[in-house]
Amino acid sequence: MNKEFIEALDLNILKNVSKENLMEHVKYLCSLQRISGTEEEYKAVDYIVSKLKEYDLDAKVYEFDALISRPLNAKIDVIHPELKTLNAITHPFSLSTPKEGIISELVYLKHGKIEDYNSMDVEGKIVLTDGNASPEKAWIAQQMGATGLVNISNEKIPHEMIITTIWGTPSIKTCHRIPKIYVASVGKSEGEYLKEILMKEKVLLKLYTKTDTKWCRLRMPIATVEGTIEKEKFVLIGGHLDSWYYGATDNATGNACCLEIARILSQEKVRLRRSVKIAWWVGHSQGRYAGSTYYVDIEWEDLNKNCIAYINVDSPGSKDTTVYLLESMPETMDFAEYLARKLTGLNVERLKPGRWGDQSFWGLGVPSIDCYSMAPEDKRANVGGSGGGWWWHTPYDTIEYVDPEFLVRDTQVNLAIVLALANSTVLPLKFSRSAELYLNIIAELKKYDRKGILNLNALENKGIKLKTLLEKIEKIYDQMNSEKVNILNSMFLQLSRILNPTLFTFKGRYEQDYAVDEPYIPGLSKIIELEKLDENNALFLITTLIRERNRVSDTLDDAIKLVEETLDKM
Ligand SMILES: [Zn+2]
């Protein structure tokens with residue numbers, strides 16, 4: 001990272017972040033249960049649009065159809081070895097049982113991972129697993145032939161979770177993955193009870209689930225604050241507007257943060273070199289990121305040519321959040337960590353970006369940043385937001401769990417990241433970090449290529465060459481005249497489109513991967529599974545691996561060519 005450029009940024013503007021404004025937005029948004037495609041979500045959209053107008057900004061409101069699923073109710077009756085009724089919830093995209101429920105035997109399978117099934121026959125049975133419901137668990141249970149899945153929360157009450165693996169609105173290529181299984185979750189004590197009776201004898205359950213899955217018309221506001229020098233280029237920042245229940249810390253605080261950033265950029269006469277687009281995604285919680293995915297599809301060309309980076313804002317300003325985490329693509333890590341540490345005085349832990357939230361821009365290759373606060377590890381519940389609070393995705397996520405001071409802090413960090421990307425003359429991106437990551441992953445995967453089928457040494461050499469070239473270019477940042485700066489920034493944008501899709505996606509640029517976590521270079525990393533497979537499946541995988549190897553090879557060649565051409569122009 002080029003520190004001089006960061007130091008030159010005018011961060012005085014951060015003092016203008018207003019606690020009163022932030023809390024006014026949170027208060028209003030928390031008066032609505034913002035379930036996707038409902039009147040209360042539309043009201044939240046109207047509120048965002050009216051505030052933007054107040055700030056002299058027009059919002060473009062995108063309207064589109066999305067497949068939305070709302071959980072209605074669920075119940076579990078134990079009918080053998082005793083009679084007992086348990087409270088339960090169901091999840092978006094679970095099938096609805098017939099009115100009279102479905103009866104089946106219950107089997108306990110630890111965390112519901114593939115290896116937990118061993119050779120257990122679960123055909124037609126209901127699988128009981130520890131931990132929150134997840135798309136991966138539901139898909140595995142369905143593939144194994146189970147009829148139902150019951151999840152045990154780590155907390156007193158279960159968390160609302162969506163269980164489809166399809167990212168965004170289903171397409172003709174993915175609709176076969178719409179879940180065909182009944183899924184419910186129970187609190188910890190109900191789960192412990194089920195495990196206990198299972199240890200003694202066979203357990204029969206009657207499971208009831210009811211969901212409402214249908215196409216809904218969604219409205220999604222996105223505002224643009226125009227830049228002055230490179231107006232067509234833009235930084236994208238956004239967070240989901242829909243929520244579970246009143247969703248104070250997930251994500252009314254994030255919506256307030258985005259509104260306050262919009263106000264400051266528009267009203268406080270901030271000079272912007274590049275434009276900033278601010279999004280309030282819908283269809284996140286009940287449509288598996290339908291809004292951000294729609295935006296990628298419909299604005300593909302503009303995003304592809306002009307989007308500098310995406311900043312995801314989910315669950316800032318929760319109580320007790322004294323730890324900072326950074327899920328970020330490698331090229332953005334250094335400057336984002338530097339800013340977050342400088343502004344908060346906290347240590348910032350670097351993490352691999354997770355396949356959650358509205359990270360719908362990986363196929364495009366847009367550099368992505370998610371810098372967020374959490375409670376310390378020993379105080380964190382097993383949850384995916386709300387700063388690690390047990391109230392996440394429950395009716396208890398209300399305004400008392402918002403810390404106004406931390407919300408100011410987190411808004412300042414996000415605004416600083418926006419300003420660094422929008423105003424730095426040379427973009428604060430360091431792609432030698434990406435080359436380094438390619439190198440490390442390839443070196444690790446070599447251990448699994450015992451027969452040398454993939455010639456990973458050749459890929460490693462390409463990685464070394466790319467890293468060396470990028471380090472050379474990073475050394476000459478300071479001697480740039482304006483014409484050369486443009487050439488360099490354009491190289492950054494193109495590099496991200498070349499390197500990130502291969503580093504982060506399996507399906508490539510135009511499709512979205514399923515909503516399950518994948519390792520870096522997911523295509524090639526499948527080599528790790530090779531030894532566990534029978535001969536037939538191993539040969540299928542080898543075919544894929546050879547193609548994925550070619551993909552990585554072309555990716556590195558294209559990147560090397562681009563950097564060499566850029567160096568020639570310097
Ligand atoms: Zn969230």
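The values are calculated or read from the model by the stated rules, or taken from the named source; none is laboratory data. Predicted model only: the values in this text are computed from it and were never measured. Counting neighbours? That spans all protein chains shown, and the Cβs are built from the backbone with ideal geometry, glycine included. Heavy atoms of the whole protein, side chains included, go into the accessibility calculation; ligands, DNA and RNA do not. Shrake-Rupley method; radii C 1.70, N 1.55, O 1.52, S 1.80 Å.
Within this structure, residue 164 fails the test of being outside the structural domain of residue 296 (by TED's automatic domain parsing), surrounded by 24 or more Cβ atoms within 10 Å (Cβ to Cβ) and over 22 Å from the mean Cα position of the chain (by Cα).
Please go through region 455-479 and give me each residue that is modelled with pLDDT under 95 and open to solvent by less than 50 Å² (accessible area, probe 1.4 Å), ordered by number. Answer for region 455-479, where residues must be modelled with pLDDT under 95 and open to solvent by less than 50 Å² (accessible area, probe 1.4 Å): 473, 474, 476, 477. Of the residues 63, 20, the single one that is in the same structural domain as residue 266 (by TED's automatic domain parsing) and either over 14 Å from residue 221 (Cα atoms) or in a helix (DSSP H, G or I) (or both) is 20. Can you name the condition, by its number, that residue 367 falls short on among (1) in contact with an Asp or Glu (Cβ under 9 Å, 6 or more places away or on another chain); (2) farther than 21 Å from residue 519 by Cα; (3) modelled with pLDDT of 95 or more? Exception for residue 367: condition (2). Does residue 158 qualify as being within 29 Å of residue 298 (Cβ to Cβ) and open to solvent by 10 Å² or more (accessible area, probe 1.4 Å)? Against the criterion (within 29 Å of residue 298 (Cβ to Cβ) and open to solvent by 10 Å² or more (accessible area, probe 1.4 Å)), residue 158 does not qualify.
Does residue 32 meet the test of being of a type in the set (A, V, I, L, M, F, W, C) and under 30 Å from residue 297 (Cβ atoms)? When the stated conditions are applied, residue 32 passes them. Looking only at region 343-365, decide whether some residue is more than 16 Å from the ligand (Cβ to nearest atom) and in a helix (DSSP H, G or I). Taking every residue of region 343-365 in turn, at least one turns out to be more than 16 Å from the ligand (Cβ to nearest atom) and in a helix (DSSP H, G or I). Scanning region 108-126 for residues being buried (at least 23 other Cβ atoms within 10 Å of the Cβ) and either in contact with a Cys (Cβ under 7 Å, 6 or more places away or on another chain) or closer than 27 Å to residue 289 by Cα (or both) gives a total of 1. Out of 545, 533, 539, 524, I need the residue that is open to solvent by 70 Å² or more (accessible area, probe 1.4 Å) and either of a type in the set (A, V, I, L, M) or assigned by TED's automatic domain parsing to the domain that holds residue 352 (or both). Which one? Only one candidate qualifies: 539.
Pairs meeting the criteria (first residue in region 82-110 and farther than 18 Å from residue 142 by Cβ, second residue part of a loop (DSSP other than H, G, I, E, B) and open to solvent by less than 80 Å² (accessible area, probe 1.4 Å), beta carbons under 8 Å, at least 6 apart or on different chains) are 87/187; 88/158; 89/158; 89/160. Counting the residues of region 372-387 that are modelled with pLDDT of 95 or more, open to solvent by less than 10 Å² (accessible area, probe 1.4 Å) and within 15 Å of the ligand (Cβ to nearest atom) gives 1.
Considering 157, 178, the condition of being more than 16 Å from the ligand (Cβ to nearest atom) and either more than 25 Å from residue 33 (Cα to Cα) or modelled with pLDDT of 95 or more (or both) is satisfied by 178 alone. With respect to the conditions (1) open to solvent by less than 10 Å² (accessible area, probe 1.4 Å); (2) within 16 Å of the ligand (Cβ to nearest atom), residue 445 falls short on a single one, namely (2). Residue 421 - would you say it is away from the ligand (no atom under 16 Å from the Cβ), of a type in the set (A, V, I, L, M, F, W, C), surrounded by 22 or more Cβ atoms within 10 Å (Cβ to Cβ) and not in a helix (DSSP H, G or I)? So residue 421 fails the test. Contact map, region 556-570: first residue at negative phi and assigned by TED's automatic domain parsing to the domain that holds residue 495, second residue among the charged types (D, E, K, R) and open to solvent by less than 20 Å² (accessible area, probe 1.4 Å), Cβ cut-off under 7 Å, separation 6 or more or different chains; the map is empty. Counting only residues that are under 34 Å from the mean Cα position of the chain (by Cα) and farther than 16 Å from residue 186 by Cβ, how many does region 73-96 have? So the answer is 4.
In summary, residue 415 fulfils each of the numbered conditions (1) away from the ligand (no atom under 16 Å from the Cβ); (2) assigned to a loop (DSSP other than H, G, I, E, B); (3) not assigned by TED's automatic domain parsing to the domain that holds residue 490 with the single exception of condition (2). Do the conditions hold for residue 405, that is, is it more than 16 Å from the ligand (Cβ to nearest atom), within 25 Å of residue 252 (Cα to Cα) and assigned to a helix (DSSP H, G or I)? Judged against the criteria, residue 405 is a match.
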